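**Q** First the structure, then my questions, so here it is.
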Amino acid sequence: MRKFLVILDDSRECLNAMRFAAMRAAHTGGGVAILSVIPPDEFNHWIGVGEVMREETRERIHAHFEVFAKWMRDRQGVDPELIIREGDAVPEILSQIREDPDIGVLVLGAGTDKKGPGPLVSQLSRASGSFSIPITIVPGDLSKEKLEAIT
């Protein structure tokens, strides 16, 4: 089964990327893999404190994931999987794509502010020529109705 890989983070544009991935998966009989990457510098504290922070971060990711997963299950009939990796975002995303042959499309949300589409979109689009899968970039300000119309 082809999976749409979407990145879970705290950005506003993440919402449209999640919606797009779920709707496309529902319409094509695919699946959704949701990847959250924990930056390595987040736990550079004493060992005990770092472990507590790591666990709290994982709990926050699971809670955030469950909001999206419930909507995907209830509204789209798609049961997403959660993948959590630790490291720098771009290398971890690329590793996930290499390690999971079922991933067929990377879905990213583009930011809407004047600074540009966001660091992930910028970095990954530069490297896209060497990807083994296509990247879909979903505009952050696309309405739900427009998303439904194009998926």
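**Q** Report, by residue number, each residue of the stretch 23-34 that is in a helix (DSSP H, G or I) and closer than 19 Å to residue 97 by Cβ. Give the steps one after another, and end with the answer.
**A** To start, the set of residues in the stretch 23-34 that are in a helix (DSSP H, G or I) comprises 23-28.
If the condition is that a residue be in a helix (DSSP H, G or I) and closer than 19 Å to residue 97 by Cβ, then 24, 25, 28 are the ones that fit.
**Q** Checking residue 121 against (1) farther than 19 Å from residue 12 by Cβ; (2) under 18 Å from the mean Cα position of the chain (by Cα): exactly one of these is not met. Which one?
**A** Failing condition for residue 121: (1).
**Q** While we're looking at this one, here's another question. Is there a residue in the stretch 100-108 that is modelled with pLDDT of 95 or more and over 14 Å from residue 6 (Cα atoms)?
**A** Taking every residue of the stretch 100-108 in turn, at least one turns out to be modelled with pLDDT of 95 or more and over 14 Å from residue 6 (Cα atoms).
**Q** On the given criteria, is residue 61 surrounded by fewer than 21 Cβ atoms within 10 Å (Cβ to Cβ) and either touching a residue at least 12 places away in the same chain (Cβ under 8 Å) or assigned to a loop (DSSP other than H, G, I, E, B) (or both)?
**A** On the way: surrounded by fewer than 21 Cβ atoms within 10 Å (Cβ to Cβ): yes; either touching a residue at least 12 places away in the same chain (Cβ under 8 Å) or assigned to a loop (DSSP other than H, G, I, E, B) (or both): yes.
It is true that residue 61 is surrounded by fewer than 21 Cβ atoms within 10 Å (Cβ to Cβ) and either touching a residue at least 12 places away in the same chain (Cβ under 8 Å) or assigned to a loop (DSSP other than H, G, I, E, B) (or both).
**Q** Could you look through the stretch 64-79, keep only residues that are in contact (Cβ under 8 Å) with a residue 40 or more places away in the chain and surrounded by 12 or more Cβ atoms within 10 Å (Cβ to Cβ), and pick out the one that is farthest from the chain's Cα centre (by Cα)? Talk me through it step by step, then tell me what you get.
**A** First, pick out the residues of the stretch 64-79 that are in contact (Cβ under 8 Å) with a residue 40 or more places away in the chain: 64-65, 68, 71-72, 75-79.
Filter again for surrounded by 12 or more Cβ atoms within 10 Å (Cβ to Cβ), leaving 64-65, 68, 71-72, 75-76, 78.
On the way: 64: 12, 65: 10, 68: 11, 71: 15, 72: 14, 75: 19, 76: 17, 78: 15 Å.
Among those residues, the one meeting the criterion is 75.
**Q** Further, regarding this structure: Taking into account only those residues within the stretch 35-51 that are exposed (fewer than 13 other Cβ atoms within 10 Å of the Cβ) and in a helix (DSSP H, G or I), which is modelled with the lowest pLDDT?
**A** 42
**Q** Can you tell me which residue is surrounded by the most Cβ atoms within 10 Å (Cβ to Cβ) among those in the stretch 1-18 that are more than 16 Å from residue 133 (Cα to Cα) and modelled with pLDDT of 95 or more? Walk me through it before giving the result.
**A** Kept after step one, since they are more than 16 Å from residue 133 (Cα to Cα), are these residues of the stretch 1-18: 8-18.
Narrowing further to those that are modelled with pLDDT of 95 or more: 8, 17-18.
Working: 8: 20, 17: 28, 18: 26.
Out of the qualifying residues, it is 17.
**Q** How many of the residues in the stretch 27-40 are touching a residue at least 60 places away in the same chain (Cβ under 8 Å) and touching a Ser or Thr at 6+ places or on another chain (Cβ under 9 Å)?
**A** The first filter runs over the stretch 27-40 and keeps only residues touching a residue at least 60 places away in the same chain (Cβ under 8 Å), leaving 27, 30-31, 33, 35.
Add one more test, that the residue is touching a Ser or Thr at 6+ places or on another chain (Cβ under 9 Å), and what stays is 27.
Qualifying residue count for the region: 1.
**Q** Further, regarding this structure: Within the stretch 112-151, can you find the residues that are closer than 15 Å to residue 97 by Cβ, assigned to a helix (DSSP H, G or I) and in contact with a helix residue (DSSP H, G or I) (Cβ under 7 Å, 6 or more places away or on another chain)? Even if it seems obvious, please write down each step before you answer.
**A** Going through the stretch 112-151, the residues closer than 15 Å to residue 97 by Cβ turn out to be 120, 123-125, 127-136.
With assigned to a helix (DSSP H, G or I) added as a condition, the list becomes 120, 123-125, 128-130.
If the condition is that a residue be closer than 15 Å to residue 97 by Cβ, assigned to a helix (DSSP H, G or I) and in contact with a helix residue (DSSP H, G or I) (Cβ under 7 Å, 6 or more places away or on another chain), then 120, 123, 124 are the ones that fit.
The values are calculated or read from the model by the stated rules, or taken from the named source; none is laboratory data. Here the structure is a predicted model, which means the values were calculated and not measured. Positions of Cβ are generated from backbone atoms using ideal geometry, with glycine treated the same way; all protein chains shown enter the neighbour counts.
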